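Nothing in this text is a laboratory measurement; each read-out follows from the coordinates by a stated rule. Only a predicted model underlies this, so the values are computations on that prediction, with no experimental measurement involved. No Cβ is skipped: glycine too gets one built from the backbone with ideal geometry, and neighbour counts run over all protein chains shown.
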């Protein structure tokens, strides 16, 4: 396992891949478009974690 926190090995030969849009606000996320599932921008991801933590 590498010490990189980002999936930098998922880039193509040009060194960049289009980023997925947040499913809540439409802002670009840290994730490539090729990732499956619901993707959130950092702000919405944090807010969703807060909602889940407080839902008891």
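Of note:
- Neighbour-count order for 34, 55, fewest beta carbons within 10 angstrom listed first: 55, 34
- Residue 25/residue 52 FRET efficiency (R0 25 Å; Cβ-Cβ; nearest 0.05): 0.90
- Packing-based order for 23-29, 48-54, using average beta carbon neighbours within 10 Å, highest first: 23-29, 48-54
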